[in-house]
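Remarks on the structure that follows.
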Amino acid sequence: MDTATDKDLPLKEDTRLLGRILGDVLRAQTGEQGFECIEAIRQTAIAFRRAGADHAPAVKRELDTLLNELPIAQALDVVRAFSYFSHLVNIAEDVHQNRRRRAHALAGSAPQIGSLLHALERVAQARISGDVLARWFDDALVSPVLTAHPTEVQRRSILDSEREIARLLQWRDRVVLTPDESEGLDTGRPRCCGCRSSK
């Protein structure tokens, strides 16, 4: 796909940036050997996901060998690394969704599929009367579904960190970065953006 028309390119760039910074943190926390182990497992997991039916069993055996030989402490490092990366990708995806919503608003686009405004426009186009809607709502059952699990409760400090990561990604989107600022983001030490780490 032409990168000029790839609307998900900023998401890919954000994910790569956060992955690089996480890699630096993993090196600092687990050492080069720990990082290399996590990276080998990550690369093998990607190869397994991409493998065709002919190669998948061999790649799975390789992945099983890597994982089964891990001591408990190192297995915990791997689990944490994958968990952190998953959280970072979720943040990047949320920022990207907001980025796309903002781009549509700036362009004056029609309401997006899935939005309440789009649903109301479809109702209007179908010329459904207010009486028909009222009868439908009389019979409709709206039931909230609570899916939170106790393990999903997060400390305020973690939530603050996640918000700061999202803020930095948004800031990066909306300004032209100097070479020092780009380097700062690439190394995980942003400068001149008003965040605490720049002081």
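The values are calculated or read from the model by the stated rules, or taken from the named source; none is laboratory data. Computed from a prediction, not measured in an experiment: that's the story for all the values here. Cβ sites come from the backbone with ideal geometry, for glycine too, and all protein chains shown count toward neighbours.
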### Message
Is it the case, given these coordinates, that Glu162 is over 28 Å from the mean Cα position of the chain (by Cα), surrounded by 11 or more Cβ atoms within 10 Å (Cβ to Cβ) and not assigned by TED's automatic domain parsing to the domain that holds Gln33?
### Response
no
### Task
Return yes when Asp77 is surrounded by fewer than 14 Cβ atoms within 10 Å (Cβ to Cβ), assigned to a helix (DSSP H, G or I) and in the same structural domain as Val25 (by TED's automatic domain parsing) and no when it is not.
no
### Query
Which one of the conditions (1) on the phi > 0 side of the Ramachandran plot; (2) touching a helix residue (DSSP H, G or I) at 6+ places or on another chain (Cβ under 7 Å) does Gly108 fail to meet, given that it meets all the rest?
(2)
#### Entry: Cβ pairs under 7 Å, 6+ apart, first in region 5-25 and of a type in the set (Ser, Thr, Tyr), second in a helix (DSSP H, G or I) and surrounded by 14 or more Cβ atoms within 10 Å (Cβ to Cβ)
Thr15/Val89; Thr15/Ala92
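Can you name every residue in region 112-139 that is of a type in the set (Val, Ile, Thr), under 22 Å from Arg101 (Cβ atoms) and at pLDDT 90 or above?
Val123, the sole residue that qualifies.
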### Task
Tell me, yes or no, whether region 81-97 has at least one residue that is surrounded by 12 or more Cβ atoms within 10 Å (Cβ to Cβ) and outside any helix (DSSP H, G or I).
no
### Message
Given (1) outside any helix (DSSP H, G or I); (2) at pLDDT 80 or above; (3) within 25 Å of the chain's Cα centre (by Cα), identify the lone condition not met by Gly188.
### Response
(2)
### Message
Any residue at all in region 26-33 that's within 30 Å of Arg174 (Cβ to Cβ), surrounded by 14 or more Cβ atoms within 10 Å (Cβ to Cβ) and modelled with pLDDT of 95 or more?
### Response
yes
### Matching option when the condition is assigned to a helix (DSSP H, G or I) and in the same structural domain as Leu17 (by TED's automatic domain parsing), among Ala124, Ala105
Ala105
